[in-house]
1. Just wondering, is there one or more residues in segment 207-221 that are modelled with pLDDT of 95 or more, out of contact with any Lys or Arg (no Cβ under 9 Å at 6 or more places or on another chain) and in a helix (DSSP H, G or I)?
2. Output the number of residues of segment 194-221 satisfying the condition of being within 16 Å of the ligand (Cβ to nearest atom) and among the aliphatic types (A, V, I, L, M).
3. List every residue pair whose Cβ atoms sit under 6 Å apart, with the two residues 6 or more apart in sequence or on different chains, where the first one lies in segment 374-394 and is touching a residue at least 60 places away in the same chain (Cβ under 8 Å) and the second, anywhere, is open to solvent by less than 30 Å² (accessible area, probe 1.4 Å) and charged (D, E, K, R).
4. Taking segment 222-235 as the region of interest, how many residues are on the phi > 0 side of the Ramachandran plot and more than 10 Å from the ligand (Cβ to nearest atom)?
5. Quick one: count up the residues across segment 183-235 that are in contact with a Ser or Thr (Cβ under 7 Å, 6 or more places away or on another chain), surrounded by fewer than 18 Cβ atoms within 10 Å (Cβ to Cβ) and within 20 Å of Val282 (Cα to Cα).
6. Determine which single condition Ser276 fails, assuming it passes every other condition in (1) among the polar types (S, T, N, Q); (2) open to solvent by 60 Å² or more (accessible area, probe 1.4 Å); (3) within 16 Å of the ligand (Cβ to nearest atom).
7. Kindly indicate whether any position in segment 35-44 is within 14 Å of Glu304 (Cβ to Cβ) and crowded, with 22+ Cβ neighbours inside 10 Å.
8. Within segment 236-256, does at least one residue satisfy the condition of being modelled with pLDDT under 95, more than 12 Å from the ligand (Cβ to nearest atom) and open to solvent by less than 30 Å² (accessible area, probe 1.4 Å)?
Amino acid sequence: MVIQPKIRGFICTTAHPVGCAQHVQNQVDYARRHPFVGPKRVLVIGCSTGYGLASRIALTFGAGADTIGVCFEKPASDTRTATAGWYNTAAFERLAHKAGRTAITLNGDAFSDEVKQQTIEQIQRTFGQVDLVVYSLASPRRTHPRTGETFSSVIKPIGAPFSSKTIDVHTGRVSEVTLQPATDEEVRNTIAVMGGEDWQMWMDALRSAGALAPDATTVAYSYIGPELTFPIYREGTIGRAKDDLEATALRLHEEMQASGGRAFISVNKAVVTQSSSAIPVVPLYISILFRVMKAHGLHEGCIEQMVRLFGERLGTGGDVATDEKHRIRLDDREMRPDIQAEIMGKWAAVDSENLGELANLDEYRNDFLQLFGFGMDGVDYDADVDPQVPWLSAAASEA
Ligand code: NAD
């Protein structure tokens, strides 16, 4: 079958197995060129795309870690390609096995008690205990494992409507958008999906099963960003969920410190992922950010960030540098005052006509397509490919 991108709104409903494999290979090559000393037995929750995939790649190929991953992806059917995360995982497992590393992936709902239990059993069979837990879930929905209630997250401002510039990334049209504020219930639901409760449940379950090394580290990811996105991000519904996630990190850190363990939040930079492309206003900001950071030689994607996190910030063995809220600031380059000042100037001036000079929409679009394995150098997109790609790890079919 010849696979072409089919874009619907802010997602692409097809994915290319060879292109996804190339995307993974490029990240593996980067990690291999930047080796570091790191933990050897790792659990990555949300391991198939974006920051979670890059974490798994950085730790496996930069530090020689063995990993168990959890994700929620779909294999190919007779009428559809698999999801990009499915193909990424297939490619990752193949490369990891070739390098002599253990890489086992469980495919299922990480919010459920069943998947937590299956993961713990897998850890006990494979490693005994894990030294590092990376929590990198991004989901629009969560069914609570105890009450059965399903919560949907929304990306809305709180308290008042928010008007801002935004971009249609497909047409390149810059326009004004007004977003209505969330209800109290929508705020609560977003916290239930993207806040810290599930992370805490994972850590409690791992600890009480004895599957967590006493001196283990755990890290979850957050974002702050510039003031211009505050009403829709940091001070909106998703920001409230991140406040809750960050409070969970502090609580976990206190609990884990008694046995030499640690819990952190890493505030990562804005990148194009399936999750961030769904946030209004943010794609225009990222397009300008790309232009400015590239011009300063500071551009980074997920893999560069994750190599820096595990290789430099967490991997040194000494004290970990954090801000006053106990957060590792990997967004230091994005938030540099000179970078932000330049972005603000371009933001104020940008419109549909001058977009090409002030922003880098091509780069944004290219990154977006690459999330689904399209637009990769060296891949023949006219070739017939088999969309059915199995995972090597046996656990995939059991989960
Ligand atoms: P992503 O959409 O690329 O990845 C999400 C991962 O979660 C995938 O592996 C997916 O399979 C998995 N997942 C989703 N629902 C699941 C479920 N029910 N069960 C099991 N797995 C499930 O997202 P991302 O952008 O890499 O985000 C990861 C984290 O990084 C989030 O906390 C996000 O807020 C944070 N972050 C993102 C950015 C950004 O710009 N993208 C910046 C800073 C921080």
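The values are calculated or read from the model by the stated rules, or taken from the named source; none is laboratory data. Treat the numbers as computed from the prediction; the structure is a model and nothing was measured. Ideal geometry is used to build each Cβ from the backbone, glycine not excepted, and the neighbour counts take in all protein chains shown. Please note that ligands, DNA and RNA were not included when accessible areas were found on the heavy atoms of the full protein model with its side chains. Shrake-Rupley method; radii C 1.70, N 1.55, O 1.52, S 1.80 Å.
1. Taking every residue of segment 207-221 in turn, at least one turns out to be modelled with pLDDT of 95 or more, out of contact with any Lys or Arg (no Cβ under 9 Å at 6 or more places or on another chain) and in a helix (DSSP H, G or I).
2. Adding up the residues that qualify gives 7.
3. Pairs found: Trp391/Glu93; Leu392/Glu93; Ser393/Glu93.
4. Residues meeting the conditions: 0.
5. Residues meeting the conditions: 0.
6. (2)
7. Within segment 35-44 (the criterion being within 14 Å of Glu304 (Cβ to Cβ) and crowded, with 22+ Cβ neighbours inside 10 Å), the answer is no, since none of the residues qualifies.
8. No.
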